[in-house]
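Q: Below you will find the structure I want to go over with you.
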Number of protein chains: 2
Amino acid sequence: MLKIGQLADKFAIKTDTLRFYEKHGLLAPSIRGANGYRLYNDKDEAKLRFILRAKSVGFSLNEIHELLSIELDKSHWVCADVKTLVDNKLLEIQKKLLELTKFEASLQSLSNACCGGPDSAEHCSILEALEDPHVDK
Amino acid sequence: MLKIGQLADKFAIKTDTLRFYEKHGLLAPSIRGANGYRLYNDKDEAKLRFILRAKSVGFSLNEIHELLSIELDKSHWVCADVKTLVDNKLLEIQKKLLELTKFEASLQSLSNACCGGPDSAEHCSILEALEDPHVDK
DNA sequence: ATAAACCTTAGAGTTAGATACAAGGTCAAT
DNA sequence: ATTGACCTTGTATCTAACTCTAAGGTTTAT
């Protein structure tokens with residue numbers, strides 16, 4: 001049985017974060033002490049590990065909520081349900097990757113075009129590229 | 001001279017966005033009509049184009065603010081100043097790319113491990129991977 | 001002249017995920 | 001018995017970039 005501070009320390013998070021997760025329906029301690037203190041057992045700890053691991057692969061708290069409702073009632077779900085969540089997330093991540101890759105390419109070409117030296121910025125090719133009314137998007 | 005709605009339409013943004021940019025010191029119309037209406041001239045329009053183009057390569061509004069203060073007073077800056085902004089942004093984008101690439105790889109391997117079929121989720125390898133107390137991070 | 005479409009301001013709400021603060025109760029050690 | 005570390009609740013704040021609402025004034029077309 002761990003108190004909130006002990007569990008937080010164990011997973012290198014803040015007590016505030018645990019209360020936040022509780023308020024948002026992700027993880028409530030199984031019991032409270034007579035003094036009202038939150039007490040977390042091994043199952044709670046496993047659930048927290050699940051949450052943090054899901055976070056570490058990019059799931060949002062809302063998505064983790066969905067994952068948890070499956071996790072806690074596995075027999076009513078099938079593999080396809082779980083895989084769909086993962087694949088949707090994958091698509092989302094890939095979309096973001098695409099956008100960032102475009103940003104990267106644009107920035108790189110701006111950077112390459114600029115001398116980066118002590119010359120006045122009056123003819124800086126970066127600024128010119130951003131100004132130019134002929135190039136769009 | 002364009003009214004706020006006309007300029008907004010021209011660039012496919014909302015009038016709210018233009019007021020927002022004004023409030024945040026990015027773009028104020030050169031003049032106001034006798035009725036108090038905002039009136040944007042060609043220079044304002046060019047500035048908006050600059051802002052939107054900077055946004056399209058990934059700069060935040062704060063960063064665009066910096067870029068604009070250079071753009072509007074070029075002679076007091078040198079290429080190195082501009083290039084530094086671009087290169088810092090580039091590093092930031094690359095850092096995000098790295099994180100998302102890790103997410104992608106993790107999700108992909110979760111997805112690959114799962115049959116995705118109509119079998120009960122009780123032995124779903126995705127859930128097992130997220131549960132497993134032995135694998136960390 | 002009246003309705004639709006436009007404009008003004010100030011200020012509140014949204015999303016996500018915390019993070020901080022205030023006012024107070026509890027516990028362990030000295 | 002008192003200090004300090006811990007816990008409780010509720011509420012507020014933060015970032016970013018809008019987005020929306022309210023209450024009202026203006027323009028344009030019919």
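Q: Which one, A:Ile64, A:Ile126, A:Ile93, has the greatest fluctuation when you compute a Gaussian network model over chain A with C-alpha springs under 10 angstrom?
A: Taking springs between Cα atoms under 10 Å, the residue moving most is A:Ile126.
Q: Springs between alpha-carbon pairs under 10 angstrom, Gaussian network model over chain A: which of A:Glu22, A:Glu122, A:Glu63 fluctuates most?
A: Judging by the Gaussian network model, the answer is A:Glu122.
Q: Also, I was wondering about something else. Please state the charge dipole magnitude for chain A, taken about the Cα centre, from unit charges on C-beta atoms (+1 on K and R, -1 on D and E), reported in debye and rounded to the nearest 20.
A: My answer is approximately 1180 debye.
Q: Over chain A, what is the relative contact order in whole percent, taking alpha-carbon pairs under 8 Å and six or more residues apart?
A: 14 percent
Q: I would also like to ask the following. Between B:Ser109 and the same site in the other copies, what are the distances in nm, shortest first, taking label points 7 Å from Cα along the C-beta direction?
A: From this label point to the equivalent ones elsewhere in the assembly: 3.5 nm.
Q: Taking B:Ser125 in one copy and the same position in all the others, each labelled 7 Å out along Cα→Cβ, what are the pairwise distances from the first, in nm, shortest first?
A: Nearest first, the other copies' label points are 5.0 nm away.
Q: Which distances in nm, rounded to one decimal and ordered from shortest, link the label point of A:Asp9 to the equivalent label points in the other identical copies, with labels set 7 Å from Cα toward Cβ?
A: A:Asp9 label point versus its equivalents elsewhere: 6.5 nm.
Q: Could you name the lysines in cross-link range of B:Lys10, using Cα to Cα under 26 Å and dropping any fewer than eight places away on the same chain?
A: A:Lys102, A:Lys137, B:Lys23, B:Lys43, B:Lys47, B:Lys55
Q: With every protein chain present, what accessible area does A:Asp87 have (1.4 Å probe, heavy atoms only), rounded to the nearest 10 Å²?
A: 50 Å²
Q: Roughly speaking, what is the centre-to-centre gap between segment B:40-61 and segment A:20-57 when only Cα atoms are used, to the nearest Å?
A: Using only Cα atoms, the two centres lie 46 Å from each other.
Q: Determine the per residue accessible area of chain A with all protein chains present and a 1.4 angstrom probe, expressed in square angstrom.
A: 56 Å²
Q: To continue, here is another question. Provide the solvent-accessible area of A:Met1, counting protein heavy atoms only and rolling a 1.4 Å probe, rounded to the nearest 10 Å².
A: 130 Å²
Q: Still on this structure, please answer the following. By a straight-distance test (C-alpha under 16 Å), which aspartates and glutamates pair with A:Lys89 as possible cross-link partners, with residues fewer than eight away in the same chain excluded?
A: In chain and number order, the partners are A:Glu63, A:Glu66, A:Asp81, A:Glu99, B:Glu99, B:Glu104.
Q: Something else: Using Cα-Cα distances under 8 Å and only pairs 6 or more residues apart, what relative contact order does segment A:1-59 have, in percent?
A: About 34 percent, as a whole number.
Q: Please work out how much accessible surface B:Arg53 shows to a 1.4 Å probe, ignoring ligands, DNA and RNA, in Å² rounded to 10.
A: Roughly 20 Å² of B:Arg53 is accessible to a 1.4 Å probe.
The values are calculated or read from the model by the stated rules, or taken from the named source; none is laboratory data. Keep in mind it's a predicted model, so treat the numbers as computed, not measured. Neighbour counts are summed over all protein chains in view; Cβ atoms, including those assigned to glycine, are modelled from backbone coordinates with ideal geometry. Heavy atoms of the whole protein, side chains included, go into the accessibility calculation; ligands, DNA and RNA do not. Shrake-Rupley method; radii C 1.70, N 1.55, O 1.52, S 1.80 Å.
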